[in-house]
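I have placed the structure first, in the form of structure tokens, so that the comments after it can refer back to it.
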Ligand SMILES: Nc1ncnc2c1ncn2[C@@H]1O[C@H](COP(=O)(O)OP(=O)(O)OP(=O)(O)O)[C@@H](O)[C@H]1O
Ligand SMILES: [Mg+2]
């Protein structure tokens, strides 16, 4: 068995607000193997985003251990964490988080700007175009986000998450701002991506239908994992009944 | 770096209105610096030229040690008599000079066929050619020297001669400038004519008016020493010539005069020091060098005089002429000291003026800087989410810091460039419309640009650091 991408043991996250302590995570233990497609569900305020921030090295644990690709990241400096985010993690957000008035290509290039050693501009552009091509957006390379649909914007964001060839993609409610159909398209894109590259995906959602795309579904409540089960029957990609067939 | 610059330009074009307002503020600040430094420098330069032009750079070395205006330091006067008597045993002192001259003239008239030299000499050792060489070549910071010698001479018997006796006054090329001669008519002698000892002469305007009233003296001539000296120029010497009209003074090349008078020495040598500040030093050096050359013992007074030119200069700067005269008649150190005090206070005034203006400019640059800070703070606040995103995508603190610093500096530098242009226009107006004296130094322009960039650095750092130290999670949640 290969080494787990994620290895968490009894992770706690406590926010201190004056005298008040908010226990956002109360002891999460979790191992995720390479190539898994994990969906995390839970009610609002259950700690999903908090968990995702820790998984994404954006935040530190208050207690417990967290290893990413077999490396303990709990004591790394801000700069080292930034490098890990840059090289090993691709983020996809609910709000797309694309830079406005900036072309799709330039948006996809952003992670490459922060890569060390430096990547020459020509190479950056090539990589960005390749990532867009994988997302089927070659013809939208020079479009600004305002000229793209929500689904296209999210696919640009996925291209951006992929461009530095990370081992892990973290998506926080990626379909939250999309209608059902477009959300399904995006999920399908992620499924295909996992199929073709074997990349590990962790996806947060509160919609059961979206969670059902995962190969493993974890639910959390009040900062604790309440269920963690393999999903043996991921939904058959809904090549939704052709509209033409409807009379 | 390049990408940061591109990013900065992009973000500035995205906030066009704000950016251009900030640019305005910045450029006014820099323009103020440029204009003010131009005006301040202009004022200082004007003061410098005033000091230079009016200030004593002329040093007059005369043989003998009498004081022409009679206000001499006690002791100095006394010693001169004894000293002279020693040096010129049997010869008369200064007081007898005019008598001695007249006697010589009478003697000369009796032998009118040949030019004869009046036997009167300076009541001290005249200045010798080797002393001239010393002054012109061996003393530092000397810009020019010019010597003169004069004496009465009997003219050749020619009908064109208006008089029978004239005072020939040999001079060197730099002499007219040093003496402040004003050309009234014709021209002066060229260096070449001086070198070739041409038979040409320049006469004082008083002489021209006396002997050729109502007509031009040019092309008239004096016959002496077997040559005809054509008058090529008429000058106003600035000296009182009324007493020398009976025996008119005529200026001829030094070489000619020395030959005619058979006196290969100088009555007076004028020395132009390289600058006002050097005058005292040069004068002191000349005095020491001459004493040394003449082997004067320490307890002996000078048998020559070294004086600086302040009689003319001081009144032009508003000093009471009586004071100037008193100063002039006194010792060189006092003269020079009071001069330098005046120059110092003038310079001080110029500097104070510049400082005053500069502080006004500094304030407006500060205002520009605050503008930069303001737009940067707004920019950081408005783009908190972008900062969070960049951090999530791998931007380190220093990347974020650099991004915002480059943006602030770009803004400030663009403002600086615009300010340079604005300042140049301002200076142009000051110079050509208001007729103020201005001066532009490339160093000041560089300083203005550097100051603008520094403003960007100083006022951009706070906001940039604030951006860089944002918590990525918090920044990502921002709206
Ligand atoms: N910075 C913070 N300071 C204090 N408390 C926080 C902070 N961030 C989150 N919390 C608290 O931690 C708990 C978990 O929040 P989290 O954002 O992880 O929930 P979530 O599961 O992502 O909810 P949602 O589905 O609404 O996004 C909440 O009770 C929240 O109030
Ligand atoms: Mg959340």
Fill in: the stretch B:20-65, subset at pLDDT below 80 and either closer than 30 Å to residue B:407 by Cβ or more than 18 Å from the chain's Cα centre (by Cα) (or both), residue nearest to the other protein chains (Cβ to nearest Cβ)
B:65
Discussion item. For the stretch A:138-247, give me every one of the helices (runs of 4 or more DSSP H) that falls completely inside it and has 1 or more residues that are modelled with pLDDT of 95 or more, within 14 Å of chain B (Cβ to nearest Cβ) and more than 16 Å from ligand 1 (Cβ to nearest atom).
Written reply: A:150-162
Discussion item. Could you check the stretch B:459-476 and list, in sequence order, the residues that are assigned to a helix (DSSP H, G or I) and more than 9 Å from chain A (Cβ to nearest Cβ)?
Written reply: B:459, B:460, B:461, B:462, B:463, B:464, B:465, B:466, B:467, B:468, B:474, B:475
Worksheet item: Restricting the search to the stretch B:177-197, which residues are modelled with pLDDT of 90 or more and either assigned to a helix (DSSP H, G or I) or under 15 Å from residue B:143 (Cβ atoms) (or both)?
Response: B:191, B:192, B:193, B:194, B:195
Discussion item. I'm trying to understand the selection: among the residues of the stretch A:29-50, which are within 13 Å of ligand 2 (Cβ to nearest atom) and more than 12 Å from every other protein chain (Cβ to nearest Cβ)?
Written reply: A:40, A:41, A:42, A:43, A:44, A:45, A:46, A:47, A:48
Practice prompt. Could you tell me which residue of the stretch A:108-123 is surrounded by the fewest Cβ atoms within 10 Å (Cβ to Cβ), considering only residues that are in contact with a helix residue (DSSP H, G or I) (Cβ under 6 Å, 6 or more places away or on another chain) and more than 8 Å from chain B (Cβ to nearest Cβ)?
Written response: A:119
Practice prompt. Consider residue B:402 carefully, then state whether it is more than 16 Å from residue B:373 (Cβ to Cβ) and within 14 Å of chain A (Cβ to nearest Cβ).
Written response: yes
Worksheet, complete the sentence: Among B:397, B:391, the single one that is in contact with a helix residue (DSSP H, G or I) (Cβ under 6 Å, 6 or more places away or on another chain), within 14 Å of another protein chain (Cβ to nearest Cβ), surrounded by 24 or more Cβ atoms within 10 Å (Cβ to Cβ) and modelled with pLDDT of 85 or more is B:391
Practice prompt. Could you pull out the residue among B:372, B:363, B:367, B:378 that is without any contact (Cβ under 8 Å) to a residue 40 or more places away in the chain, more than 14 Å from every other protein chain (Cβ to nearest Cβ) and farther than 30 Å from residue A:162 by Cβ?
Written response: B:363
Worksheet item: Can you name every residue in the stretch A:160-204 that is within 16 Å of ligand 2 (Cβ to nearest atom) and under 11 Å from the mean Cα position of the chain (by Cα)?
Response: A:170, A:171, A:172, A:173, A:174, A:202, A:203, A:204
Discussion item. Can you find, within the stretch A:58-107, the residue that is farthest from ligand 2 (Cβ to nearest atom) among those that are under 20 Å from the mean Cα position of the chain (by Cα), assigned to a loop (DSSP other than H, G, I, E, B) and within 8 Å of chain B (Cβ to nearest Cβ)?
Written reply: A:99
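The values are calculated or read from the model by the stated rules, or taken from the named source; none is laboratory data. Worth saying up front: this structure is predicted, and the values here are computed from it rather than measured. Positions of Cβ are generated from backbone atoms using ideal geometry, with glycine treated the same way; all protein chains shown enter the neighbour counts.
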